[in-house]
1. Would you point out which residue out of 582, 571 is open to solvent by 20 Å² or more (accessible area, probe 1.4 Å), of a type outside the set (Gly, Ala, Ser) and in contact with a Ser or Thr (Cβ under 6 Å, 6 or more places away or on another chain)?
2. Working carefully through the options 389, 355, 406, find the one that is in contact (Cβ under 8 Å) with a residue 24 or more places away in the chain, surrounded by fewer than 21 Cβ atoms within 10 Å (Cβ to Cβ), of a type outside the set (S, T, N, Q) and over 24 Å from residue 282 (Cα atoms).
3. Tell me, yes or no, whether the range 575-584 has at least one residue that is at pLDDT 85 or above, assigned to a helix (DSSP H, G or I) and either in contact with an Asp or Glu (Cβ under 8 Å, 6 or more places away or on another chain) or at positive phi (or both).
4. Is at least one residue of the range 397-415 in contact with a Pro (Cβ under 6 Å, 6 or more places away or on another chain), farther than 23 Å from residue 438 by Cβ and modelled with pLDDT of 80 or more?
5. Return a yes/no flag: does the range 471-491 have any residue that is surrounded by 14 or more Cβ atoms within 10 Å (Cβ to Cβ), within 40 Å of the chain's Cα centre (by Cα) and among the hydroxyl-bearing types (Ser, Thr, Tyr).
6. If I filter the range 531-568 down to residues being modelled with pLDDT under 80, hydroxyl-bearing (Ser, Thr, Tyr) and surrounded by fewer than 24 Cβ atoms within 10 Å (Cβ to Cβ), which single residue comes out as nearest to residue 202 (Cα to Cα)?
7. If residue 635 passes every condition in (1) closer than 30 Å to residue 109 by Cα; (2) open to solvent by 40 Å² or more (accessible area, probe 1.4 Å) but one, which one does it miss?
8. Among the residues that make up the range 54-71, is at least one of them of a type in the set (Val, Ile, Thr) and modelled with pLDDT under 85?
Amino acid sequence: MAQEKSAFPLKKVIAAVIFALFSLFLATVVPSREIAWVTAMLLLTIYLFAFEVVDVDVAAVSIMVLLGLTTLFAPLMGIQQGLVDTNLLFNGFASNAVMSIIAVMIIGAGLDKTGIMTRVAGFILKIGGTTETRIIPIISSTVGFISSFMQNVGAAALFLPVVSRISARSGLPMSRLLMPMGFCAILGGTVTMVGSSPLILLNDLILASNAALPADQQMDTWGLFSVTPIGLALVATGIIYFVIAGRFVLPKTKSESSTVGSNTTKYFQDVYGIDYHLYEVYVPAESSLVGKLLDEIETVNHVRVIGTRRPDGDLRIGPGALMRDLGIDAQMSLGMLTSPEDIKHFVKEYGVELRPSLQTFSESLASTKAGIGEVVIPPGSNLVGKSARDVWMRKTYGIAMVALHRNGETMREGEGIRDMPLQAGDTLIVHTTWEALARLETDRNFVVVTTEYPREESRPQKLWHAGFFFGIALFMVLFTDIRLSVALLTGAIGMVLSGVLKIEEAYEAVSWKTVFLLASLIPLGLAVETSGTARWIAEQTVSVVGGMPGWVIQASIAALATFFTLVMSNVGATVLLVPLAVNIALQVGANPAVYALTVAIATSNSFLIPTHQVNALIMGPAGYRVPDFMRAGGIMTILFLIVMMVMMNLVFP
């Protein structure tokens, strides 16, 4: 084990030596010292990201600070001025991209607070079940469609709470769901000409290039759905890739954050030997259960009914809503808590239908809303000497007792525990809503032992407010020319002012790790662009492939755009490379508009490291590391280039 631990630092040392030697080599071949220093900064960034010497946000901030210090040490570096103007060094924190991502995080939190994301998650689970291979295509295709008409980071942020809820209910780690969702959000930006900033910008760049071209070489602009066949093929590739290879390339992280409910079933099974699970049964008209009282069937059959739904839609959830004299009607659905053996006996005894999973109660009995808790009767409690029946515990306190632990012995439902006088020190294992359990924490008659359970305050009454301001933001994004950040911040501040979110909750909704990562990398992209480094790399690439077949040149342009979008903004990469691609196409006799489109699409091929806004957004919640992106994103990058080249040559021969 010691040898394994020492091997990885050795790799870091070797990589650092190679980095230093390569930097010295570049200093002898690049046309200027500014380009040499910027290239060295690029390599240092890649080294810090790839080998995780420090956290990625710390690495990004460190690079930003180093760029600022070049102003002080410019004479020693042999350059006239710093690589980045210090007056522009922190502009990334006020950039359109960073402010937009802050806004969409707040909007997503606001929608989640109303409960709408829980409903969406429930709908997806109802269709896809709880298997990874069925949930991934549903989530990914939905996000891919949404991101074809709105900014991909907005689509990803909108679905982040949905994925969190699905993870909580299905038991699937967020790390297995967020990367497919995020990648397909990026891929969805290639489905229409308004799906990503480079494609939106492309027609303007084409018109600008036309101004310098003779009449016989003028390019036509692209229509809204010109790229749709290519984009759909890319989205389908992403979905198929994760369905087939997901179990090999997707990580299972230990540091993910998720809105996970208190899944305490295993805990109570280990501690008290209670093997209880949630089940849903349907009562047909011919069932012998029809007409019986709730209290009667619970006592005799060792089950706890914790939810009912009548044929007319009357839904009752939680102990507080279910009276023991409630009658069972035909065509009623019952949510039950019991053991596997007892549910089999119950189904056989009464002729009811056991559903394979929660359907009617998938949302209302989700682990984010209700579960099993542990409370103790303290000395001095008013309940000492009284039974659960005496105090109507289900109605009065909103808890349904499923077991009682006393003097080292655990007694279950069906052993008369509801009629036993309670004693000081008794531990009650109860099923309850988390809202009711939170109320018990202030009740002197109980000591709540369960401490880890969701305490989120839901505001379903604010659903219309949240929907209104989300609609305003979406309308402004799709149908006006206002900056994306202004449109999204309008929706975000509207949710705060209308009470959907408190301002403290808005601050908590923002992943500041993501903000610092993105904002700190923007100066590096600026240095790459303004120093001439990007143009020099492009010219060197063209000089190598200039005499090769057209498809090789086109693929080289796509690969170059892929590289640039990893280290600078995709818009900057597009602005830089489109004129170059047009000139190359004219020289080799190819269609310049197709080469320009190649650049705009390839700048969405950003999966290798978490520099894209979407990748930075999902990195924190899923607990991803840079090697996770390199493993899954490396294959995706290659698939993207192959599918894009094949489809472009088929659609635009």
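1. It is 571.
2. Exactly one residue qualifies, and that residue is 389.
3. Step one: list which residues in the range 575-584 are at pLDDT 85 or above, which gives none.
Within the range 575-584, none of the residues are at pLDDT 85 or above, assigned to a helix (DSSP H, G or I) and either in contact with an Asp or Glu (Cβ under 8 Å, 6 or more places away or on another chain) or at positive phi (or both).
4. Scanning the range 397-415 turns up no residue that is in contact with a Pro (Cβ under 6 Å, 6 or more places away or on another chain), farther than 23 Å from residue 438 by Cβ and modelled with pLDDT of 80 or more.
5. yes
6. 541
7. (1) is the only condition that residue 635 fails.
8. Within the range 54-71 (the criterion being of a type in the set (Val, Ile, Thr) and modelled with pLDDT under 85), the answer is yes, since at least one residue qualifies.
The values are calculated or read from the model by the stated rules, or taken from the named source; none is laboratory data. These figures come from a predicted structure and were not determined experimentally. All Cβ positions, even for glycine, are placed from backbone atoms using ideal geometry, and neighbour counts span all protein chains on display. Only protein heavy atoms, including side chains, enter the accessible area calculation; ligands, DNA and RNA are left aside. Shrake-Rupley method; radii C 1.70, N 1.55, O 1.52, S 1.80 Å.
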